[in-house]
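Quick notes on the structure that follows.
The values are calculated or read from the model by the stated rules, or taken from the named source; none is laboratory data. This structure is a prediction, so every number in the text was calculated from the model and none was measured. Positions of Cβ are generated from backbone atoms using ideal geometry, with glycine treated the same way; all protein chains shown enter the neighbour counts. These accessible areas exclude ligands, DNA and RNA; they are computed on the full protein's heavy atoms, side chains included. Shrake-Rupley method; radii C 1.70, N 1.55, O 1.52, S 1.80 Å.
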Amino acid sequence: MAESASSAGKASPRAAAKTAGEKPESRSSIQVIERMMSLLDALSAQPDPASLKQLAQATQLHPSTAHRILAAMTHARFVERHDQGTYRLGIRLLELGNLVKSRINLREVALPFMQTLHETIGEAINLGVRRDDEIVYIERTSSGRSLVRVVYLVGGSAPLHLTSVGKLFLAEAGAQEVKEYAKRTGLPGKTPHSLTTMAALEKELDKIRRHGIAFDNEEAEIGLKCVAAPIHDDEGHLVACLSVSAPTDRHNPDWVDQVRRTADEISQALGYSKPRK
């Protein structure tokens, strides 16, 4: 009976794993991956190469366990080991990161966030990028209820200074670049509200730089207002802008925070981290 009880005791972990639908060796593999990830997180938190002792303490792993996993990660070039016995993140991570970055599609990343904002606000959400002296709209969710002839259609374009999205790109540019833009284009207007002088444009851009948000108050089309916020990539570059466009009588000042928050979420999905103040 004692032998039988002993056998039953040894079988219990296997039985528990079987009940959970997971093999013991599978759980062991997952545990190793979890430990690898914890070591990568610990290394990423260290500005300088870290010792085995530091990494073991940070991950709460036994030093021998941490050493064994680090050796495998070093062999795979995920980690680099220095002669003094310290470790840092390896070049393979950079290679993989660049590969991921090259395959990121801005439209695909942004669209789910745009759709969520569209469902909340109920108006058209636009994604625009700069092309020379114009803004080109590469994605849009239609409100389906606007009677205004909206210029913001996918593939459509408009001068930078006439749109909230374009003004964000101009605000990001230096003063000399803005002057050159004004000289090249002549700042043509489309409505009585268009900014057609350098003084008016500079005043508007200064306000945008201070607040990080831009507006189009019937400057491209009478009866249409827009609000836009910037989208940055993992290197902090302004790569696109998100805007909400709606007829003047439906425009809501409360959209500012929602548009800014959604643009920030898209930026984060692209790998952007806001600099600490």
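Okay, residues lined up against (1) at pLDDT below 75; (2) in the same structural domain as I222 (by the TED database); (3) crowded, with 20+ Cβ neighbours inside 10 Å; (4) touching a strand residue (DSSP E or B) at 6+ places or on another chain (Cβ under 6 Å):
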position	(1), (2), (3), (4)
P112	no, yes, no, no
L117	no, yes, yes, yes
I135	no, yes, yes, yes
E139	no, yes, no, yes
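Conditions tested, residue by residue: (1) in contact (Cβ under 8 Å) with a residue 24 or more places away in the chain; (2) part of a helix (DSSP H, G or I); (3) open to solvent by 30 Å² or more (accessible area, probe 1.4 Å).
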position	(1), (2), (3)
M36	yes, yes, yes
A42	no, yes, no
Q54	no, yes, yes
Y87	yes, no, no
What about R210, is it under 27 Å from the mean Cα position of the chain (by Cα) and either open to solvent by 50 Å² or more (accessible area, probe 1.4 Å) or not assigned by the TED database to the domain that holds G156 (or both)? yes
Scanning the stretch 230-248 residue by residue, the ones that are touching a Phe, Trp or Tyr at 6+ places or on another chain (Cβ under 7 Å), of a type in the set (G, A, S) and surrounded by 14 or more Cβ atoms within 10 Å (Cβ to Cβ) total 1
Qualifying position, being out of contact with any His (no Cβ under 8 Å at 6 or more places or on another chain) and open to solvent by 70 Å² or more (accessible area, probe 1.4 Å), among I91, I69: I91
Quick check: anything in the stretch 249-263 crowded, with 23+ Cβ neighbours inside 10 Å, of a type outside the set (V, I, T) and within 18 Å of E123 (Cβ to Cβ)? yes
Identify the residue in the stretch 119-133 that is of a type in the set (D, E) and touching a strand residue (DSSP E or B) at 6+ places or on another chain (Cβ under 8 Å) and, among all such residues, is least open to solvent (accessible area, probe 1.4 Å). E123
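Quick grid of which residues meet (1) of a type in the set (D, E); (2) touching a residue at least 60 places away in the same chain (Cβ under 8 Å):
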residue	(1), (2)
C226	no, yes
P230	no, yes
D234	yes, yes
T248	no, no
D254	yes, no
D257	yes, no
T262	no, yes
